[in-house]
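Peer 1: Mind having a look at this structure? Questions to follow.
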Amino acid sequence: MAATEVKKQWLSMVFCFVLGWFIAPSASAIPDINNMPLSEAVKKITLELGVQLEGANYLSKKKVMLGSEDMLSQLESWLNNEPISWQLNEQLLKISPKIAKENLNKKTQDLPQMLVLAELEPTGLMVFDRSQLNQQPSGNGDLTSVLKTHPNVQFDNNQLSSKTPGEIAPANISINGAHFYQNAFVVDGVGFNNDIDSAQDNPALLDSAPGRSQGLALDLDLLDSIQVYDSNIPASYGGFTGGVVEANTRSPSKEFSGKVSLQTSRSSWTNYHIDKRESKRFEQSGNAEMQPKFTKWTRRTHLEGHLTENLGLIASVNQKRSTIPLSFYSANNTEEMGYKETKQKRAIDNYFLKSVWSINDQLSLDSSVTYAPETNHYFASNIMNSGVDLKSGGQQYAIKLKWDADLAHIEQSLAYSVLEQSRDSDSNDYYVWRKSAAKDWGIGSKPTTNSLEGGFGDIEQQQQKVNYKLDVKFEPWVTSAVTQHWNIGLEASWGKVDYERLIQGNVYVIPIATNSCARTDGSTADACSMSPTINGWDGQYMTMRTRYNQGRFSFTTHELAAYMQNDLHLDRLKLRPGVRVDSDNYMDKTTVAPRLAAEFDVNGDRKTLINAGANRYYGRSIKAWRLQDGRNRLRFTDRRTGGADADWKQIAHALNTSTFSKLDVPYDDELVLGIKQKIAGLQLEFKYVNRAGKDQVIKVRGTKLEQPSTDPTLSKNYTTYTNDGHSHNDIYTLTMQPIQPIIFVGTETKALLALDWSKSKASSPSYEVEGDTYFDNDYIRYKGDFIRYSDRPSDNYNRPWTVRLNTTTEIEKLNINISNLLRYRAAYSKVGNTGKKIEYNNNLINVWDDLKYKPTLTWDMRVGWKLFIAKNQNVFVNLDVFNVLDKQVVSAASTTNEETAIPTYEVGRQFWLEAGYQF
C-alpha cells in the first residue's frame, strides 16, 4: 500500500478513536464499484466527492461497471441514463422521480441535468437528508430538534430545562447571534414565520397571547430534508438577519406504502435535576414553569403511493399530546389548603396531504394542504374557572408548477396561509370575591380572605397571507472562458393581520355586602352572589370593574421582491454576485441587499477550496409593533353605588400606552472567509463569519426620545419603537468528517466533528423588553472594565464555544442503527447587575458581573432496530436516550451572587420509546 494511503488509514483510525468507536477503516480508500447496484455505486462516488446524496431510493438496482471516464463524468453518464431528474452542486446530489426515459425529448437527452460547473454552493449550507432525520435522537420530533448538530445554531436556555420537560412546542433558535425571531422558516419554498408577536411569551397577560417564531409546528415525519443556510445565503431568500431553515416535504413513492407508529416519554422515565432549595416548591407546583409530572404521546400515520404512473399522493396524520398534572393551589399554599390535582395539556396536530403530478415530459404540478393547529391548555393557580386554551399554528395551501423548458427550469408557486396566536378563555370575566360558602376555595380564614375566579376573555390574532413566487434558473451559458448560470426571481404577497377582542370582558373588584341580587326589572345583577361570606355578609356584589370592550384592529400588507444572481465559473474561480430588492407598505421602505460569494479552487482538483463572501440581509418587521397602538383604549373603568340594582357608570377611559410610526428595516452586514480541505481521507472546513447588526428595533418610552405626548389620548409614559439597536458577532467554525464511511466487521459508520467559537461584542434586547436602559447606554463596570451598557454580553443564546461529535453506525446484518451526539459546551454564565455602585467620571455607575458554571459534556443517542416480517414489511423500535451520563448542566441562574443564586438545570437522563410498523 502506498505511503499516502497508509497515512489516510491511520488518520481515519485516529479520528474514529476520538469518537469513541473501536472501529477501523476499510482496506481500500475507493471501493471497487464494478458489478455493484447503481444505487450503491452512486453512494460510493458521492462519498468520495464529499457531497451529500438525497433521493437514492429513486435509482435502479441494475449492475454498473466503471468505465475509463473520470469519476464525475462517469456519474453524469449513469444518471443521464436513468428515468430521473437530478441536480448536483458542490454539497448535494438531489435525485427526484421522472416519467419513463422513452418519453424524454431531445433537449433532455442532449443536455445533462447537472448544475455542477456553473452553480456555486459555497460554505454556509448544511443539509439534513431523510436518513439523518430518521437516525438522529429527536425527542418531540419538531423541526429544530435535529439542529443540535449544527455549529452555528444556538438554542434558548429554557429549551431543555429540567423544570419544564412536559412542553412539546418547537424551540426558539438563534443563528449567528441574531434574534430568534429574525430567522426565515420555509417549507417547500413558502414561508411559515409567525410575524404577529413572536417574542411575546407570557401566557397570563390581560390583552395578549404568547407566540413563537415558527408559525407551524411541523413534525419531522413529514419531511424529506432540512436545509440550513447560515452564511453566504443566496439572493432568492429574504426576510432574515439570522439564517434560513428550509424544510422540504416528502414526495410519494412509486409503490403503495405506509407507516404507523406510537412514541412516548414520561416523568417516570426522566431524571430531574432541581436545586434542593426549590425541590419542595417543585413537587407541589401549581405553575407551568415547574412540571414535576408529565406524560407525552406521539401518534404517526402516513400512506403514500401512485394512483397512476404519473400521479402520486401522500397523506399523513401526526398527533402530539402532553398531559401535565399540577396542583390547583400554588406550592406555598398546599400545606394549608391541600393538594388538588388539576391538569394542564398540550396538543399539536399535523394533517398533511400532497399530490405530485407529472403532466408530461417537462411539466409537473405539486399541490399540498397542511393543517397544523396547536392548543395549549393552562390554568392559573388558586383561581377557579381560570382555564384558557392558547391557540397557535394554522393552515397552508400551496401549489407549485415546475417547467423544464428548453432554456430554463421555471418554478411558479402560489400559497395561502392562515396562522393564529389566540386565546380562548373558559370565562370572559374575572372576580375578586370575598370568601363565602359558595366561593370557598380562598386561601386562609381571615375576614378579609378573597376567592379569585375567572379569566380575561377571548382574543383572536390572525395572520393571513397569499404569496406568489416565480423562480427561473437558466441553463448554463458556456463560452470559451466563462460558464454562467443565471437565476432570477420575483415574489409578491398580500397579507392581513387582525387583533380582535371577541366579546366584552370585565375584571370585577371591591366587593361589599348586599342582601339581594335581584334588580327591579326582575333580572339578576351581574357580579353578585347571595352566599354567606367569611366576614358575616348575607351576600356580596362588586362595586368596581375594569371593562375591556369588544374591538378590532387590522391592517393589510403588500410586499414585492425581485432578485437575480449569476453563478460564474472562470477556470478555478467561481463567483456568485447577486442582489435582492424588497419593498413593502408596512414600513413603506425599499431595501437593496447585495450578495457576493466566491470560491477559489487552489490546485484545480477541488481538494483545497477557499471561500469568501460579503452580504447584506434585511430582516422581518413584527406586526405587533402596530397592533399595540390603540389597544389600551378598549379599557374603561366603571363604578356602581347604591346597591346591586344600580347601573354601572363609566368613570375613566384608559389612555393609549403605545404608538407606532414607520421604522427602518433592521439588517445585518456579513463578511465570510473559509477554507475547505480534503486530506488523508478527511474533509475539513474552517469558516469565519462576521455579523454587524444595525437598525435593530427596540422599545423605549417617548420621554427618552424627547418626544413628550401632545395627544390627550396618549399616556405621558407611552412606549414606542426605534431603530437604535445594534449587535456585533464574530463566529469561528471548524468541521471535520471522513469522506467515506468507516467499514469494520459488517458495520458502517459516518461521523462529523464540529467546533464553534463565538464572541458577542454587543447585543440589543428583544423588541418585547423595554429598552430604556439600553437606549441610555450609560457606562457600567463589567468584570473590572468600564464599558457601555450595550456592549455587555447576553446570557441567552450565547454559549461561547461548543464541540459537537455526531456519529451514525449501521449494522446491516442486524438491521440496527446507532446514532450518538456528544456536545461539550462552554460554561453557562449568568450576566447581571450586582446592585452595587462605583464612581466613574464623577458619576455613580452600576457594577455588573457574571457567575460562571463549569463546562459540561452531554451525550444523546438513538438506537433503532427493524425486524422484517415479510417482503417490504417490517416492525421497528427506536429508543432515544438524552443526557445518557445524567450530567447536571446549568442553563440559567437567578442572580450573579454565588451564595444566593439558584441554578436551573437541563433535564437529566431521559428515555423516549417509539414502536411501529411500516410496509
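Peer 1: Answer yes or no as to whether Thr557 is touching a residue at least 24 places away in the same chain (Cβ under 8 Å) and either among the aromatic types (Phe, Trp, Tyr) or buried (at least 18 other Cβ atoms within 10 Å of the Cβ) (or both).
Peer 2: Numbers: touching a residue at least 24 places away in the same chain (Cβ under 8 Å): yes; either among the aromatic types (Phe, Trp, Tyr) or buried (at least 18 other Cβ atoms within 10 Å of the Cβ) (or both): yes.
Considered against the rule, which asks whether it is touching a residue at least 24 places away in the same chain (Cβ under 8 Å) and either among the aromatic types (Phe, Trp, Tyr) or buried (at least 18 other Cβ atoms within 10 Å of the Cβ) (or both), Thr557 comes out as yes.
Peer 1: Follow-up. Looking at the stretch 844-859 only, could you name the residues that are over 11 Å from Asn833 (Cβ atoms), open to solvent by 50 Å² or more (accessible area, probe 1.4 Å), in a strand (DSSP E or B) and in contact (Cβ under 8 Å) with a residue 12 or more places away in the chain?
Peer 2: Answer for the stretch 844-859, where residues must be over 11 Å from Asn833 (Cβ atoms), open to solvent by 50 Å² or more (accessible area, probe 1.4 Å), in a strand (DSSP E or B) and in contact (Cβ under 8 Å) with a residue 12 or more places away in the chain: Lys852, Leu857, Trp859.
Peer 1: Looking at the stretch 332-346, can you tell me whether even one residue there is basic (Lys, Arg), open to solvent by less than 30 Å² (accessible area, probe 1.4 Å) and farther than 30 Å from Leu452 by Cα?
Peer 2: Taking the stretch 332-346 and keeping what is basic (Lys, Arg), we get 340, 343, 345-346.
Restricting the remaining residues to those that are open to solvent by less than 30 Å² (accessible area, probe 1.4 Å) gives 346.
Filter once more, keeping what is farther than 30 Å from Leu452 by Cα: none.
No: the stretch 332-346 contains no residue that is basic (Lys, Arg), open to solvent by less than 30 Å² (accessible area, probe 1.4 Å) and farther than 30 Å from Leu452 by Cα.
Peer 1: Kindly indicate whether Asp584 is on the phi > 0 side of the Ramachandran plot and within 31 Å of the chain's Cα centre (by Cα). Before you say what the answer is, go through the steps one by one.
Peer 2: Working: on the phi > 0 side of the Ramachandran plot: no; within 31 Å of the chain's Cα centre (by Cα): yes.
No.
Peer 1: Can Ile488 be described as within 46 Å of the chain's Cα centre (by Cα) and either over 27 Å from Trp403 (Cβ atoms) or surrounded by 14 or more Cβ atoms within 10 Å (Cβ to Cβ) (or both)?
Peer 2: Details: within 46 Å of the chain's Cα centre (by Cα): yes; either over 27 Å from Trp403 (Cβ atoms) or surrounded by 14 or more Cβ atoms within 10 Å (Cβ to Cβ) (or both): yes.
Spelling it out, Ile488 is indeed within 46 Å of the chain's Cα centre (by Cα) and either over 27 Å from Trp403 (Cβ atoms) or surrounded by 14 or more Cβ atoms within 10 Å (Cβ to Cβ) (or both).
Peer 1: May I ask you to list the residues in the stretch 731-756 that are touching a helix residue (DSSP H, G or I) at 6+ places or on another chain (Cβ under 8 Å) and open to solvent by less than 20 Å² (accessible area, probe 1.4 Å)?
Peer 2: Those that are touching a helix residue (DSSP H, G or I) at 6+ places or on another chain (Cβ under 8 Å) and open to solvent by less than 20 Å² (accessible area, probe 1.4 Å): Pro738, Pro741, Ile742, Thr749, Ala751, Ala754.
Peer 1: Which one is nearest to Gln463 (Cα to Cα), of the residues in the stretch 598-653 that are within 31 Å of the chain's Cα centre (by Cα) and of a type in the set (Ser, Thr, Tyr)?
Peer 2: Ser621
Peer 1: Kindly indicate which of Asn806, Asn796 is assigned to a loop (DSSP other than H, G, I, E, B), under 30 Å from Asp886 (Cβ atoms) and in contact with a helix residue (DSSP H, G or I) (Cβ under 6 Å, 6 or more places away or on another chain). Break it down stepwise before answering.
Peer 2: On the way: Asn806 fails: assigned to a loop (DSSP other than H, G, I, E, B).
Of Asn806, Asn796, the one residue that is assigned to a loop (DSSP other than H, G, I, E, B), under 30 Å from Asp886 (Cβ atoms) and in contact with a helix residue (DSSP H, G or I) (Cβ under 6 Å, 6 or more places away or on another chain) is Asn796.
Conditions (1) aromatic (Phe, Trp, Tyr); (2) modelled with pLDDT under 75; (3) in contact with a helix residue (DSSP H, G or I) (Cβ under 7 Å, 6 or more places away or on another chain), marked per residue:
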| site | (1), (2), (3) |
| --- | --- |
| Leu47 | no, yes, no |
| Val51 | no, yes, no |
| Leu59 | no, no, yes |
| Lys63 | no, no, no |
| Gly67 | no, yes, yes |
| Asp70 | no, yes, no |
| Glu82 | no, no, no |
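Peer 1: Kindly indicate which of Leu222, Leu307, Leu216, Leu311 is surrounded by fewer than 19 Cβ atoms within 10 Å (Cβ to Cβ) and touching a residue at least 40 places away in the same chain (Cβ under 8 Å).
Peer 2: Working: Leu222 fails: surrounded by fewer than 19 Cβ atoms within 10 Å (Cβ to Cβ); Leu307 fails: touching a residue at least 40 places away in the same chain (Cβ under 8 Å); Leu216 fails: surrounded by fewer than 19 Cβ atoms within 10 Å (Cβ to Cβ).
That would be Leu311, the only listed residue that is surrounded by fewer than 19 Cβ atoms within 10 Å (Cβ to Cβ) and touching a residue at least 40 places away in the same chain (Cβ under 8 Å).
Peer 1: Ok, one more. If a residue must be touching an Asp or Glu at 6+ places or on another chain (Cβ under 8 Å) and either in a strand (DSSP E or B) or open to solvent by less than 70 Å² (accessible area, probe 1.4 Å) (or both), how many such residues does the stretch 503-515 contain? Step through it out loud before you land on a result.
Peer 2: Initial filter on the stretch 503-515 (touching an Asp or Glu at 6+ places or on another chain (Cβ under 8 Å)): 503, 505-508, 513-515.
Filter again for either in a strand (DSSP E or B) or open to solvent by less than 70 Å² (accessible area, probe 1.4 Å) (or both), leaving 505-508, 513-514.
Adding up the residues that qualify gives 6.
Peer 1: Report whether or not Gln650 is in contact (Cβ under 8 Å) with a residue 12 or more places away in the chain and open to solvent by 60 Å² or more (accessible area, probe 1.4 Å). I'd like the intermediate steps shown before the answer.
Peer 2: Working: in contact (Cβ under 8 Å) with a residue 12 or more places away in the chain: yes; open to solvent by 60 Å² or more (accessible area, probe 1.4 Å): yes.
Considered against the rule, which asks whether it is in contact (Cβ under 8 Å) with a residue 12 or more places away in the chain and open to solvent by 60 Å² or more (accessible area, probe 1.4 Å), Gln650 comes out as yes.
Peer 1: Scan the stretch 135-177 for residues that are open to solvent by 10 Å² or more (accessible area, probe 1.4 Å), touching a helix residue (DSSP H, G or I) at 6+ places or on another chain (Cβ under 8 Å) and within 21 Å of Leu92 (Cβ to Cβ) and jot them down.
Peer 2: The answer is Gln136, and nothing else.
Peer 1: Still on this structure, I have one more. For Thr524, only one of the following conditions fails: (1) out of contact with any His (no Cβ under 8 Å at 6 or more places or on another chain); (2) among the polar types (S, T, N, Q); (3) touching a residue at least 12 places away in the same chain (Cβ under 8 Å). What is its number?
Peer 2: Here Thr524 clears every test but (3).
Peer 1: Restricting the stretch 471-485 to residues that are surrounded by fewer than 15 Cβ atoms within 10 Å (Cβ to Cβ) and of a type outside the set (Val, Ile, Thr), which is modelled with the lowest pLDDT?
Peer 2: Ser480
Peer 1: Then there is this: Within the stretch 265-288, work out how many residues are open to solvent by 10 Å² or more (accessible area, probe 1.4 Å) and either farther than 30 Å from Tyr339 by Cβ or touching a Lys or Arg at 6+ places or on another chain (Cβ under 6 Å) (or both).
Peer 2: 2
Peer 1: One residue is enough: does the stretch 860-868 have a residue meeting the conditions part of a strand (DSSP E or B), without any contact (Cβ under 8 Å) to a residue 40 or more places away in the chain, among the aliphatic types (A, V, I, L, M) and surrounded by fewer than 18 Cβ atoms within 10 Å (Cβ to Cβ)?
Peer 2: Here is the first cut: in the stretch 860-868, the ones part of a strand (DSSP E or B) are 860-868.
Narrowing the set further to residues that are without any contact (Cβ under 8 Å) to a residue 40 or more places away in the chain leaves none.
There is no residue in the stretch 860-868 that is part of a strand (DSSP E or B), without any contact (Cβ under 8 Å) to a residue 40 or more places away in the chain, among the aliphatic types (A, V, I, L, M) and surrounded by fewer than 18 Cβ atoms within 10 Å (Cβ to Cβ).
Peer 1: Among (1) touching a Gly at 6+ places or on another chain (Cβ under 6 Å); (2) in a loop (DSSP other than H, G, I, E, B); (3) free of Cβ contacts under 8 Å to residues at least 60 places away in the same chain, where does Gly457 come up short?
Peer 2: In the conditions (1) touching a Gly at 6+ places or on another chain (Cβ under 6 Å); (2) in a loop (DSSP other than H, G, I, E, B); (3) free of Cβ contacts under 8 Å to residues at least 60 places away in the same chain, Gly457 misses (3) alone.
Peer 1: How about the stretch 888-919: which of its residues are under 30 Å from Glu255 (Cα atoms) and among the small types (Gly, Ala, Ser)? It would help to see each step written out before you state the result.
Peer 2: Step one: filter the stretch 888-919 for residues under 30 Å from Glu255 (Cα atoms), giving 913-919.
Within the stretch 888-919, Ala915, Gly916 qualify.
Peer 1: Separate question: Could you tell me how many of the residues in the stretch 637-661 are among the aliphatic types (A, V, I, L, M) and part of a strand (DSSP E or B)? It would help to see each step written out before you state the result.
Peer 2: Filtering the stretch 637-661 for residues among the aliphatic types (A, V, I, L, M) gives 644, 646, 651-652, 654-655.
Then drop every residue that is not part of a strand (DSSP E or B), which leaves 651-652.
The qualifying residues number 2.
Residue by residue, here is whether (1) assigned to a strand (DSSP E or B); (2) under 23 Å from Tyr618 (Cβ atoms); (3) open to solvent by 20 Å² or more (accessible area, probe 1.4 Å); (4) free of Cβ contacts under 8 Å to residues at least 12 places away in the same chain holds:
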| residue | (1), (2), (3), (4) |
| --- | --- |
| Leu663 | no, yes, no, no |
| Asp668 | yes, yes, no, no |
| Lys678 | yes, no, yes, no |
| Asp695 | yes, yes, yes, no |
| Val700 | yes, yes, no, no |
| Tyr718 | yes, no, no, no |
| Asn729 | yes, yes, no, no |
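Peer 1: Looking at (1) open to solvent by less than 40 Å² (accessible area, probe 1.4 Å); (2) more than 24 Å from Glu768 (Cβ to Cβ); (3) assigned to a loop (DSSP other than H, G, I, E, B), which is the only condition Thr710 fails?
Peer 2: (1)
Peer 1: Given the criterion open to solvent by 30 Å² or more (accessible area, probe 1.4 Å) and closer than 30 Å to Pro577 by Cβ, identify the matching residue among Arg635, Arg639, Arg606.
Peer 2: Numbers: Arg635 fails: closer than 30 Å to Pro577 by Cβ; Arg639 fails: closer than 30 Å to Pro577 by Cβ.
Result of the check over Arg635, Arg639, Arg606: Arg606.
Peer 1: Looking at (1) in contact (Cβ under 8 Å) with a residue 40 or more places away in the chain; (2) out of contact with any Lys or Arg (no Cβ under 9 Å at 6 or more places or on another chain); (3) open to solvent by 50 Å² or more (accessible area, probe 1.4 Å); (4) outside any helix (DSSP H, G or I), can you tell me which one Gly835 breaks?
Peer 2: (1)
Peer 1: Moving to a separate point now. Tell me, yes or no, whether the stretch 439-454 has at least one residue that is assigned to a strand (DSSP E or B), open to solvent by 40 Å² or more (accessible area, probe 1.4 Å) and of a type outside the set (D, E, K, R).
Peer 2: Residues of the stretch 439-454 that are assigned to a strand (DSSP E or B), as a first pass: 450-454.
Remaining after also requiring open to solvent by 40 Å² or more (accessible area, probe 1.4 Å): 450, 452.
Now narrow it down to the ones that are of a type outside the set (D, E, K, R): 450, 452.
Looking for residues that are assigned to a strand (DSSP E or B), open to solvent by 40 Å² or more (accessible area, probe 1.4 Å) and of a type outside the set (D, E, K, R), one finds at least one in the stretch 439-454, hence yes.
Peer 1: Criterion first (farther than 21 Å from Ser131 by Cβ, at pLDDT 95 or above and either in contact with a helix residue (DSSP H, G or I) (Cβ under 7 Å, 6 or more places away or on another chain) or surrounded by fewer than 19 Cβ atoms within 10 Å (Cβ to Cβ) (or both)) does Ile196 satisfy it?
Peer 2: Values: farther than 21 Å from Ser131 by Cβ: yes; at pLDDT 95 or above: yes; either in contact with a helix residue (DSSP H, G or I) (Cβ under 7 Å, 6 or more places away or on another chain) or surrounded by fewer than 19 Cβ atoms within 10 Å (Cβ to Cβ) (or both): yes.
So Ile196 passes the test.
The values are calculated or read from the model by the stated rules, or taken from the named source; none is laboratory data. Treat the numbers as computed from the prediction; the structure is a model and nothing was measured. Methodologically, a virtual Cβ is constructed for each residue, glycine included, from the backbone with ideal geometry; neighbour enumeration extends over all protein chains shown. Remember, those area values only see protein heavy atoms, side chains included, never the ligands or the DNA or RNA. Shrake-Rupley method; radii C 1.70, N 1.55, O 1.52, S 1.80 Å.
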